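Just so it is clear, none of the values below were taken in a lab; they were calculated from the coordinates. What you see is a predicted model; the values in this text were computed from it and never measured. Note: ideal-geometry Cβ built from the backbone for every residue, glycine included; neighbour counts use all protein chains shown.
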């Protein structure tokens, strides 16, 4: 099963990119500091708005801060928000969606009501209000807010799946055997949802990275922390586009796009694993089939 | 009649006591429960009331009915009368076949006995005690009664190995067993259902097994509980023909070796004849005839039973005969709607012997001796002899001619 998963080129590329960014987030800041001697916050007054080149591989911004160091430090900030937001969102989705689908009845009515409420609530204005209300928002708070407001869609999907699994014979059989509710949910139903949950998690991660960038762009973030979002926001505030300082906003934007693409590629693989009908024919199979058709035609 | 509190007492004892595996006869357990100081009501109530009754039947459904309420798209509610006043009784070591066409309520009855559905009316009686609806009683109930599902491809979780299934059953019902003892018991169970080498099968996932092997795992899982009653909901209908006989022999062996009572639900008269002692026939949610298998199959006393038996394939019938026999197949009619069942006898719209009273009043139960009974007006009107003299097809043809002659 594992090897089948890794056989797809989409998954391999996606995983490679994701792992690269994860490593960058974990070790990158230390690396830039000790190897290049770059500090993302230091102002190099001798090099203001310098294009990529000597001493500053990705140039500097208008305050003379090194862009490479900022992108690397931003990877840590963005990935942190992405992972934490996704963990919170997915966990709430599981805790709300699966019991709702499994138990049905009143539990479902109550939980589904909450889900629907969160589904129709205008998330962005709410996030802005909450973020504005919680003065001095750090990245953790932002991540928690994103997770807390972004679980409803996933909960609906999980509810539907859990509902169909709860009515399968093997759940009935285990219940007849005397298995209790919680164990039924976690040992019988949840394993069938792992593919879905994994893909939901990746989806939530892209969502959280983008949401953080979006919030930072709108000015809702901790201005002292560095993330790709705050970088883009800084570029926007200083009209980097008009002034042609592309190295200020292209690298973080590209990183966000890359992470999104990578997560989507891995998701394809997970989908294929969870739903064999989507699985594309492997080249070997295609070749064999063609060969057979040819010999069959000749005979 | 309802004594809900008693159930938990007796079965809790049962689930802890079955460990000794060999000495769990009904009598000893009952004696123990009766002496149980926490349960004085059990001791007091049981003996004066129906003293002969308790030992005789292990599981009964007394006049159970199940109505399902269906909500239509426009908010209209309709009631489906899936099972109506059905009575089933199982003695230890007895195999009762429940036959009938699709939609006749066989499975619903089995699911009521397995307590997936609560009966709308009537009661389920285990060892002479009406079972209560509480969750705790349910677990106790399921340590004595287990259901084998129709579809072995659906009743095993594809995510779990065979070992997990058996281990969970043992863990839930025999709490005091150590891991090593459970492992040993697992091996025994797999050998019991002829899945050898047991160690190899225990490590397999359901998708690595064939349908017959899966069904054996399902049976082994049910047996791990050490039940007294097995409910087989068409346990062989999804299996390949070549392994059906093996499964029937396995069930037969369980009965003779363990004294298991078995309710065998099927629409295959041949397998019912092979396996069971008694046959009960259901039509449109009602029991229409019941009795010892030879009596029911050789001389059916209800027109529907006759139709059912005559329409099962018989290799001795010649090809020409067969064509003549099924010439009237189009006229046999359709199973009735259970939402709006026919009045009187539910079979009367399809019955070639139907009389005026058949459409007006439900027929009385006619006792025919030796536990054989049928619910048909022919017996009350002294026309029972007509059934034996003709075949269903011939009777249908005769009736058609009579009707045409009259008009």
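Report, to the nearest 10°, how far helix A:228-237 tilts away from the longest principal axis of the Cα atoms in chain A, using its own Cα long axis and a range of 0 to 90°. The answer is roughly 40 degrees. Taking the C-alpha atoms only, the angle from helix A:152-166 to the longest principal axis of chain A is near 20 degrees. Counting beta carbons within 10 Å around each of A:248, B:373 and listing the fewest first gives the order B:373, A:248.
Within a 10 angstrom radius of each residue's Cβ in A:163-173, how many Cβ atoms of other chains show up on average? Whole number is fine.
Working: counts 0, 0, 1, 0, 0, 5, 11, 13, 3, 7, 14.
Taking all residues of A:163-173 together, the mean is 5.
Rounded to the nearest 0.05, the FRET efficiency derived from the C-beta distance between residue A:130 and residue B:356 at R0 = 51 Å is 0.05.
Label-to-label distance for residue B:208 and residue A:106 is 4.5 nm, based on points extended 7 Å past Cα in the beta-carbon direction. The protection proxy used here, the mean number of other Cβ atoms lying within 10 Å of each residue, ranks peptides A:25-32, B:216-223 as follows, highest first: B:216-223, A:25-32.
Only helices enter this figure: runs of n ≥ 4 DSSP H residues, each worth -39500 (n - 2.57), summed and divided by the residues of chain A, yield -23500 deg cm²/dmol at 222 nm to the nearest 500. Please check: in the Gaussian network model of chain A (C-alpha springs, under 10 Å), which one of A:70, A:233, A:50 has the largest mean-square fluctuation. The residue with the greatest mean-square fluctuation here is A:50. Each of B:334, B:401, B:246 was scored by other Cβ atoms within 10 Å of its Cβ. Arranged with the fewest first, they read B:334, B:401, B:246. Spacing of the modelled spin labels on residue B:159 and residue A:242, each 7 Å from Cα toward Cβ, amounts to 5.6 nm. Measuring from label point to label point, each 7 Å out along Cα→Cβ, what is the residue B:56 to residue B:401 span in nm? It works out to 4.7 nm between the two label points. At R0 = 51 Å, how high is the FRET efficiency between residue B:256 and residue A:261 if r is their beta carbon distance? Nearest 0.05 is fine. Efficiency for this residue pair is about 0.15. Taking Cα atoms only, the orientation of helix A:194-217 departs from the longest principal axis of chain A by about 30 degrees.
For peptide A:178-191, the mean count of partner chain Cβ atoms within 10 Å of a residue's Cβ comes to 3. Averaged over the residues of B:154-162, the number of partner chain Cβ atoms lying within 10 Å of the residue Cβ comes to 5. Cβ crowding within 10 Å, taken as a proxy for footprinting-reagent exposure, orders B:233, A:108 from fewest neighbours to most as A:108, B:233.
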